[in-house]
Amino acid sequence: MNSVDYGPAAERLRDEARQWLEANAPERLKGVSLPRRPTGQLAIDLQEWGDRLAEAGWMCVAWPKEFGGRGCSALEVAAIEEEFVRAGVPRLTRGMGEGLVGPSIIVHGTDEQRHHFLPRIIAGVDRYCQGFSEPGAGSDLAGLSTKGMVDGDEVVVNGQKVWTSWYWDATMLFCLCRTDPSAPKHRGISYVLIPVRHPDGSDNGVEFRPLRQMTGQSHFAETFLTDARAPMFNVIGGLNRGWDVAMTTLGNERGGRATTRHVAFREQFERLVAQARARGRTDDPLVRQLLAWSYTHVELLRFQGLQTLAQLHAGGGPGIAASSLHKILWSEYQQKLVEQVIALLGPEGLVVGDDYQLGDWQQTFLTSRSDTIWGGTAQIQRNILAERVLGLPRDRHEPSEANGSRQARQLRP
């Protein structure tokens, strides 16, 4: 791995992470390729590993110290990420709770909400899935129709969501609902944290219906809300003021891994090299060309991440245009890479095991088909670059919308 000196503070944290991992990294998780939805003994091992990371302070490291994090800068997070890859074990996080909900509560929540919800995320008590997109409101998120009605000190939510990921073990749903139907399109929306079940374990009107994908698995679900209740305390940012909170969440969704995404792709590249060596194909000119092309793109992602790190370190941010460029680069690279890898595997790449058991590359191949859709389609990303970087006119077929609604359309699938 090409390590970069990120400065004294980051390097001290790198040393701390390296020493801790040398003493604590579980042997049974070293080199393990993680499925999106682990089961059996692997799920148990990951649960134990996550708890150990939380106890040692390696969860939610970018959160401010007063909220249970380490207050790590982007440089420090990158150094930590690299050390986990060096150790060969997964750097688990608290998922959407850590990357999306927590930052939104930190920015928009009250002190009482921060002190209640944030520790529960770190401890793994609250596990979140997302209730934003709807059958009729995906890219145009402000067109959502799920309704929220205030009933005393609770909000009662009815409606339907779709593309709900991480639903299988979620205890909470962070949801957008329309609480003032008379308000303009992107107003009158509230950001509500809905318990999947009541404290006594009874049904809270949240039903997940898994959507089977071509991988044979169900990483997403349709979500049906029928009189689902949440305390008013669970409304983040205030009633009818959820749009700004949603923008914070969506900004973290797309840009949150721009600085470290190359690390996973470097690991993937190393697996590809090992695959080629095992097959005696490293002298094949076409295979060598594929490896060189892959290495080049991983380096492009690394340098793009370094550029983003420099911007963050200087007190700025990557901006929506840079985020769009990053999304295009990694998602289209992933698709093209695995297409060529499947061809390299030959007949083996086309045959699946009993009960539709997929190999790692087959799984990646099928999963990657959605990479250019979720989080804003490749076409939308190109529109952003055309309009905001090149100064080209807007698509004349595109309806005029309020800025807030337009931004959400660019950020959602």
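Exactly one residue out of Gly159, Gly124, Gly102 is open to solvent by 10 Å² or more (accessible area, probe 1.4 Å), among the small types (Gly, Ala, Ser) and outside any loop (DSSP other than H, G, I, E, B), and it is Gly159.
Evaluation of Gly256 against the conditions (1) open to solvent by 20 Å² or more (accessible area, probe 1.4 Å); (2) within 18 Å of Ala74 (Cβ to Cβ); (3) modelled with pLDDT of 90 or more; (4) not β-branched (Val, Ile, Thr) shows that the sole unmet condition is (3).
Here the condition is being out of contact with any strand residue (DSSP E or B) (no Cβ under 9 Å at 6 or more places or on another chain), buried (at least 18 other Cβ atoms within 10 Å of the Cβ) and over 30 Å from Phe365 (Cβ atoms); of Leu21, Leu29, it holds for Leu21 alone.
Scanning region 53-73 for residues that are under 28 Å from Thr164 (Cα atoms) and part of a helix (DSSP H, G or I) yields a count of 3. When the helices (runs of 4 or more DSSP H) confined to region 288-398 are screened for residues that are open to solvent by less than 40 Å² (accessible area, probe 1.4 Å) and under 25 Å from Arg37 (Cβ atoms), those reaching at least 2 such residues are found at 319-345, 360-367. I need a count of the residues in region 105-121 that are part of a helix (DSSP H, G or I) and open to solvent by less than 30 Å² (accessible area, probe 1.4 Å). The total comes to 5.
For region 127-156, a residue qualifies if it is assigned to a strand (DSSP E or B), surrounded by 19 or more Cβ atoms within 10 Å (Cβ to Cβ) and not charged (D, E, K, R), and the qualifying residues are Tyr128, Cys129, Gln130, Gly131, Ala137, Gly148, Val155. For region 33-58, the set of residues classified as touching a residue at least 24 places away in the same chain (Cβ under 8 Å), over 19 Å from the mean Cα position of the chain (by Cα), open to solvent by 40 Å² or more (accessible area, probe 1.4 Å) and closer than 13 Å to Val89 by Cβ consists of Arg52 only.
Take the residues of region 80-93 that are open to solvent by 10 Å² or more (accessible area, probe 1.4 Å) and either at pLDDT 95 or above or in a helix (DSSP H, G or I) (or both): which is nearest to Leu239 (Cα to Cα)? So, considering only residues that are open to solvent by 10 Å² or more (accessible area, probe 1.4 Å) and either at pLDDT 95 or above or in a helix (DSSP H, G or I) (or both), the one nearest to Leu239 (Cα to Cα) is Glu81.
Restricting the first member to region 370-389 and to residues that are more than 30 Å from Ser218 (Cα to Cα), and the second to residues that are aliphatic (A, V, I, L, M) and not in a helix (DSSP H, G or I), the beta-carbon pairs closer than 6 Å and six or more apart or on different chains are Ala386/Leu392. Number of residues in region 178-195 that are touching a residue at least 60 places away in the same chain (Cβ under 8 Å) and either open to solvent by 10 Å² or more (accessible area, probe 1.4 Å) or under 17 Å from Glu222 (Cα atoms) (or both): the value is 6. Within region 161-172, residues that are closer than 25 Å to Asp140 by Cα sit with their Cβ atoms under 7 Å from residues that are open to solvent by 60 Å² or more (accessible area, probe 1.4 Å) and not in a strand (DSSP E or B), at 6+ positions apart or across chains, in these pairs: Val162/Pro135; Met172/Arg127.
The values are calculated or read from the model by the stated rules, or taken from the named source; none is laboratory data. Since the model is a prediction, treat every value here as computed from it, not as a measurement. Because the Cβ atoms are built from the backbone with ideal geometry, glycine has one as well, and the counts that use them run over all protein chains shown. Just the protein is used for accessible areas: all its heavy atoms, side chains included, with ligands, DNA and RNA removed. Shrake-Rupley method; radii C 1.70, N 1.55, O 1.52, S 1.80 Å.
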